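*Asks:* Encoded as structure tokens, here's the structure I'll be asking about.
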Amino acid sequence: MREAGNRDVAVVTPWYPIPQTPFAGAFVQAMVEATAPGCGEVTVYQTDAWSAKMKPEAAAAAAEAHRALMPRALHRATTVAGTGLLRVPVLIPAGCSYAELARHHAAWLREALGGEPFPEPVVHAHVGLRGGWPALENARPDARVFVTEHASYLDKVLEQPDSRDMYEQVLDRCTRFFAVTEALREQLLAVFPAYSGKIDVISNPISFGTARPRPVTELRRWLYVGSLIERKGVGWLLEAFAKCHAEDPALTLTMVGAGALGDQLAQRAAELEVQDAVSFVPPVPPDEAHRLMREHDLLVHAARWETFGVSVIEAVAAGMPVLVTRCGGPERTLAGVESAAGEMIEVREDAESIVGGYRRLRDRFPHDLDLAEAGRVLESRFGYRAVADEHHRHWFPEPGPNGGGES
């Protein structure tokens, strides 16, 4: 085991961008990029799930082969901000609960580490079970382990009795626990009220570093960035766009992402006779998504539920107004600058609410918006420096009056 410095950090995550899925874990990559400056050596340990449905005999043989091949699969690479990256393949049998998944992630990570704990004295894990449990199971006895919860599917995790029990163990064992929004913190406290003093809110970091070359002058080029799934409200978004396009044929819509509704949305666009005005773009890396934001006029985000809504803040950072539902996260993240940044609408199962929101925003734009002020306020909340300072305050506490650290 290598000797670690007192500001070295291990990051444990089940997701991190790869060429095949450049968007997966982009929020983790952003957190690493934001927090690495000011740390010593930082290493990202990504436990990459390889799932297969096998009979017990085949599963045992696969596990034996996986264990034998593991050393050949482990190669330390370099990622953002000069940090290290070690991808650990995790063999997962199909049909596991979230708690069972977490145990598999922990076990194969231990295999990759040769049975030794992380050398780093600070460990930052992403998501409670598949990040938090492996981090705790593989940390040094004296390590400070912090866990950040992002998951919009947290309710499904906590519905499973074994997963809920494991989650409570994570809360009990970790040094400090962070939720990325107050809405997510409240969801946790509804189940685990005894941990109200241990769960803080620290948001996802957003880059405000690249300015838009020219300001938005009209709201004609619509953009959506995210999964093409029902929870994101993409069906209603397309219906609303078709209604607005009938009034203004110059409108266009670009939908960036993938998901179960992709083919259905393309077919519906043809039925609505807007196929020439709607573009479907596969998932792209964060830098490309930011470029698209700087080239469009309006981000439309009609999600039914969102813990944070990263793309909404990224849009404002790119100098673009937003039309977004009050779906949990956005009304908290945009608090105080909702009107300056765009228009918020209620979650409704229809297209008319989106159409109405667009018409109101169009009538208010640009005289009643202040995107520059919204950007300044949001950067003070969610910018890289602001988020990094919050984490570093916990990770590297100043010595107390008696010499001990304070967090």
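*Asks:* What length, rounded to one decimal in nm, is gained on full extension from residue 195 through to residue 110, with 0.36 nm per residue of separation minus their alpha-carbon distance?
*Replies:* Answer, rounded to one decimal: 27.8 nm.
*Asks:* Another question, if that's okay. Taking every DSSP beta bridge with both residues inside the chain, roughly what % is antiparallel (nearest 5)?
*Replies:* Looking only at bridges with both residues in the chain, the antiparallel portion is about 10 percent.
*Asks:* Test of understanding: ordering 222, 50, 305 by Cβ neighbours within 10 Å, fewest first, what list do you get?
*Replies:* Ranked by crowding around the Cβ, least crowded first: 50, 305, 222.
*Asks:* Charges only on Cβ, +1 for Lys and Arg, -1 for Asp and Glu: so what's the dipole of segment 186-332 about the Cα centre, in debye to the nearest 20?
*Replies:* 380
*Asks:* Right, another one. Cross-link partners among lysines for residue 156, C-alpha distance below 21 Å, same-chain residues fewer than 8 apart left out?
*Replies:* 232
*Asks:* Once the Cβ-Cβ distance between residue 182 and residue 263 is put in as r, and R0 is 45 Å, what FRET efficiency do you end up with, to the nearest 0.05?
*Replies:* 0.75
*Asks:* Note down the nm distance, to one decimal, between modelled labels 7 Å out along Cα→Cβ at residue 347 and at residue 211.
*Replies:* Each label point lies 7 Å from its Cα, and together they span 3.8 nm.
*Asks:* Using the beta-carbon distance between residue 364 and residue 295 and R0 = 25 Å, what value does 1/(1 + (r/R0)^6) give for FRET efficiency, to the nearest 0.05?
*Replies:* With R0 = 25 Å, the Cβ-Cβ based efficiency is 0.65.
*Asks:* Which percent, nearest 5, of DSSP beta bridges in segment 1-107 are antiparallel?
*Replies:* About 20 percent, rounded to the nearest 5.
*Asks:* Also: Quick check on segment 230-324: take the gyration tensor over C-alpha atoms, sort the square-rooted eigenvalues as a ≥ b ≥ c, and tell me if it's rounded (a/c under 1.5), prolate or oblate.
*Replies:* The shape class here is prolate.
*Asks:* Then there's this: Based on Cβ point charges of +1 for Lys and Arg and -1 for Asp and Glu, what charge dipole magnitude is obtained for the chain about its Cα centre, in debye rounded to the nearest 20?
*Replies:* It works out to roughly 660 debye.
*Asks:* Ok, one more. Compare the Cα positions of 380, 234, 284 along the charge dipole of segment 221-382 (+1 at Cβ of Lys, Arg; -1 at Cβ of Asp, Glu; about the Cα centre) and return the one farthest towards the positive end.
*Replies:* Among 380, 234, 284, the one farthest towards the positive end of the dipole of segment 221-382 is 380.
*Asks:* Amide H to amide H, which residues 5 or more places from residue 44 or on other chains are under 5 Å from it, using H placed in the peptide plane?
*Replies:* Here 11, 84, 85, 86 satisfy the definition.
*Asks:* If we count other beta carbons within 10 Å of each Cβ, what is the order of 195, 167, fewest first?
*Replies:* Ascending number of Cβ neighbours within 10 Å: 195, 167.
*Asks:* Between residue 75 and residue 287, what length comes free when the chain is fully extended (0.36 nm per residue of separation minus the Cα-Cα distance, one decimal in nm)?
*Replies:* Taking residue 75 through residue 287 to full extension adds about 73.8 nm, to one decimal.
*Asks:* Divide the volume of the convex hull of the Cα atoms of the chain by its number of residues and quote the answer in cubic angstrom per residue.
*Replies:* 152
*Asks:* Another question, then. Please order 202, 18, 92, 354 by the number of other Cβ within 10 Å, starting at the fewest.
*Replies:* Ranking 202, 18, 92, 354 by Cβ neighbours within 10 Å, fewest first, gives 18, 92, 202, 354.
*Asks:* Okay, next question. Can you classify segment 9-201 as rounded, prolate or oblate using the Cα gyration tensor, where a ≥ b ≥ c are the square roots of its eigenvalues, rounded means a/c under 1.5, and otherwise it's prolate if a/b beats b/c and oblate if not?
*Replies:* Because a/c hits 1.5 or more and a/b fails to exceed b/c, segment 9-201 counts as oblate.
*Asks:* Would you please give the FRET efficiency between residue 304 and residue 7, computed as 1/(1 + (r/R0)^6) with r the Cβ-Cβ distance and R0 = 45 Å, to the nearest 0.05?
*Replies:* Between residue 304 and residue 7 the formula returns 0.65.
*Asks:* What does the C-alpha gyration tensor say about the overall shape of segment 95-186? Classify as rounded when a/c is under 1.5, otherwise prolate if a/b is larger than b/c, or oblate.
*Replies:* Since a/c reaches 1.5 but b/c is at least a/b, the shape of segment 95-186 is classed as oblate.
Bear in mind these aren't lab numbers, they're just calculated from the coordinates by the rules spelled out. These numbers come from a predicted model, not from an experiment. In this analysis, Cβ positions are derived from the backbone assuming ideal geometry, glycine residues included, and neighbour counts consider all displayed protein chains.
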